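Okay, structure first, notes after.
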Amino acid sequence: MTLALARKIPGTPLEDAVRRYPDVPRLIILKTDVQRRGVHYTEEAVSYLDPEKHQTTGTHIFGTRDGVIALRPESLLLRDGTSIITTPTPPEENPYVVDLHDGRPWLFDAGVALEEVDYWPAPAFYAKDSSSGVPMKNIVSARPQRLNIFPYRYCTFWNNGKGCAFCDIVTQLKKGSRELKIPARLDPVEVGAVIGEALKEEGRFSTVFLTSGSIVGGSRPFDDEIDYYIAILKEVGKNFRTHKFPSQLIGTAFEKEQLKRLYAETGLTSYTSDIEVLNEELFNQHCPGKAEWIGYREWKKRLVDAVEIFGPGRVNTGLVAGIELAGPHGFRSEDEALERTLSEAEDLARQGVSTVLIVWSPRPDTALGAYKNASLDYYIRLARGLHALRVKYRLPIEHDSYRNCGNHPDTDLSRLLPLWEE
Ligand code: SF4
């Protein structure tokens, strides 16, 4: 293949965007666009993958953009340590290409080599099995810097077909149990033991992360979900000398009494509950289960209530950014979507709740799978806007930052731009 190195060549879409947004680091713009367009791994890039050294795709509770489970890199790292959480995407959808250049993996666009990348390294515990004989990586998975627990790979909003319009958790559950032998529901004691094994790799991990599908059951709705999280976090906590340990949970929007239990009975230090889209009508349309069981305004109220319990800067909500523009009822323009989304995000920020974005990946087995996500400019402007709100309202985002998460272009900005002047 004839290559042109593009780092300093103007005229590529990436370099054009870099020029339009001089206040946003080039690698963050690249990351955002790779998340937006996805990646295709060439055969050479896949042959570079060494499952003993690198993480391979498969353990996530959501599926890939091409709907395939195959041996491919879990994701990518840039040369400054920035994670790109992206997913294999069909070549006809114009993804970035990962190919070898001088024997190393690089990101290419239209045949131009843009940046050298690394595959995520496999942690030591990935080679081991749990006491019940399950590969440990199917119980606890890893990002480059954190440990992920996905204890329940189903969501009861799907019981009556009211799961979110961008979600493929049920399809992935079926593929996971069939092709990967991942348990649908994890045993808390086993989770605690695997976390203990993972932590033997000293200095590798900065935080423990937990999320699952919603569980509506219990004497009050979602008590079963709370009880299950408490059981797991108690087992995880046995590996730490202090009651509290660095941790994040993404769960349903719980009532105040449920949140108090979660905080008091476990070592959990931060709480995230994803509203997905900041507009009531679009929320009702795209998240019918959340609307049925909790409702848009109540979801927001519960986020604000959580600040009293977890503290300012330790509560946030996530957007699947781009769905607000999809379909016949979406916002008519990106300008309108930005203005309305940031206005509602500011209302939350004023009350101590941060908003972060993930770049929406339209997946084939979802109701919105046939639509496209938004432009690169939109994601950059939204990331700048959400970061600016944290600066204005002095909201730290350490628990969901590049160090502890790595999936949000807006929180990557807090790494390089000061949140506020002292
Ligand atoms: S709450 Fe929505 S996005 Fe989350 S698992 Fe359930 S259906 Fe999927």
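The values are calculated or read from the model by the stated rules, or taken from the named source; none is laboratory data. Computed from a predicted model, the values in this text were never measured in an experiment. Glycine gets a Cβ as well: all are built from the backbone with ideal geometry, and neighbour counts include every protein chain shown.
When K300 is evaluated against the numbered criteria (1) within 29 Å of V34 (Cβ to Cβ); (2) in a helix (DSSP H, G or I), which criterion, by number, is the only one it fails? Here K300 clears every test but (1). Among all positions in the range 221-233, there is at least one residue which is farther than 13 Å from L249 by Cα, in the same structural domain as K162 (by TED's automatic domain parsing), without any contact (Cβ under 8 Å) to a residue 40 or more places away in the chain and away from the ligand (no atom under 16 Å from the Cβ). Within the range 294-331, restricting attention to residues that are small (G, A, S) and crowded, with 17+ Cβ neighbours inside 10 Å, the residue that is farthest from the ligand (Cβ to nearest atom) is G313. Filtering the range 155-169 to residues that are crowded, with 18+ Cβ neighbours inside 10 Å and either in a helix (DSSP H, G or I) or touching a Lys or Arg at 6+ places or on another chain (Cβ under 8 Å) (or both) leaves T156, F157, C164, F166, D168, I169. Looking for something under 21 Å from the mean Cα position of the chain (by Cα) and part of a loop (DSSP other than H, G, I, E, B) - is there at least one such residue anywhere in the range 321-339? Yes, because at least one residue in the range 321-339 is under 21 Å from the mean Cα position of the chain (by Cα) and part of a loop (DSSP other than H, G, I, E, B). Count of the range 174-195 residues, restricted to those that are over 30 Å from Y371 (Cβ atoms), more than 22 Å from the chain's Cα centre (by Cα) and either modelled with pLDDT under 95 or not assigned by TED's automatic domain parsing to the domain that holds E276 (or both), is 1. Can you confirm whether P312 is within 29 Å of L368 (Cβ to Cβ) and either part of a helix (DSSP H, G or I) or in contact (Cβ under 8 Å) with a residue 60 or more places away in the chain (or both)? In short, no. For R37, which of the numbered conditions (1) over 17 Å from the mean Cα position of the chain (by Cα); (2) over 15 Å from V117 (Cα atoms); (3) of a type in the set (D, E, K, R) fails to hold? Condition (1) is where R37 drops out. For the range 377-396, the condition of being within 28 Å of R261 (Cβ to Cβ), in contact (Cβ under 8 Å) with a residue 24 or more places away in the chain, under 21 Å from the mean Cα position of the chain (by Cα) and not in a helix (DSSP H, G or I) holds for at least one residue.
Could you check, for the range 270-286, whether at least one of its residues is over 30 Å from G237 (Cβ atoms), out of contact with any Leu (no Cβ under 9 Å at 6 or more places or on another chain) and touching a residue at least 60 places away in the same chain (Cβ under 8 Å)?
The answer is yes, given that some residue of the range 270-286 is over 30 Å from G237 (Cβ atoms), out of contact with any Leu (no Cβ under 9 Å at 6 or more places or on another chain) and touching a residue at least 60 places away in the same chain (Cβ under 8 Å).
Report, by residue number, each residue of the range 254-281 that is within 21 Å of the chain's Cα centre (by Cα) and over 22 Å from I397 (Cα atoms).
Result: N279, single match.
Criterion applied to I85, I139 was being of a type outside the set (D, E, K, R) and under 25 Å from D16 (Cα atoms), and the one residue passing it is I85. Residues of the range 90-104 that are surrounded by fewer than 23 Cβ atoms within 10 Å (Cβ to Cβ) and either outside the structural domain of L14 (by TED's automatic domain parsing) or not charged (D, E, K, R) (or both): P90, P91, N94, P95, V97, L100, H101, G103. Just give me the residues in the range 276-293 being surrounded by fewer than 23 Cβ atoms within 10 Å (Cβ to Cβ) and assigned to a loop (DSSP other than H, G, I, E, B), in sequence order. Hit for the range 276-293 is N279, nothing else.
Here's the yes/no breakdown for (1) in contact (Cβ under 8 Å) with a residue 60 or more places away in the chain; (2) more than 22 Å from S401 (Cβ to Cβ); (3) in the same structural domain as R36 (by TED's automatic domain parsing):
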site: P328; (1), (2), (3): no, yes, no
site: F331; (1), (2), (3): no, yes, no
site: E336; (1), (2), (3): no, yes, no
site: E339; (1), (2), (3): no, yes, no
site: S343; (1), (2), (3): no, yes, no
site: D347; (1), (2), (3): no, yes, no
site: W360; (1), (2), (3): yes, no, no
site: P364; (1), (2), (3): yes, yes, no
site: L368; (1), (2), (3): yes, yes, no
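Taken across the range 262-269, residues that are away from the ligand (no atom under 15 Å from the Cβ), in a helix (DSSP H, G or I) and without any contact (Cβ under 8 Å) to a residue 12 or more places away in the chain do occur, with at least one present. Any residue at all in the range 187-206 that's assigned to a helix (DSSP H, G or I), within 16 Å of the ligand (Cβ to nearest atom) and surrounded by 17 or more Cβ atoms within 10 Å (Cβ to Cβ)? Within the range 187-206 (the criterion being assigned to a helix (DSSP H, G or I), within 16 Å of the ligand (Cβ to nearest atom) and surrounded by 17 or more Cβ atoms within 10 Å (Cβ to Cβ)), the answer is no, since none of the residues qualifies. How many residues does the range 135-173 contain that are of a type in the set (S, T, N, Q) and either near the ligand (Cβ under 9 Å from one of its atoms) or in the same structural domain as T87 (by TED's automatic domain parsing) (or both)? Matching residues across the range 135-173 total 1.
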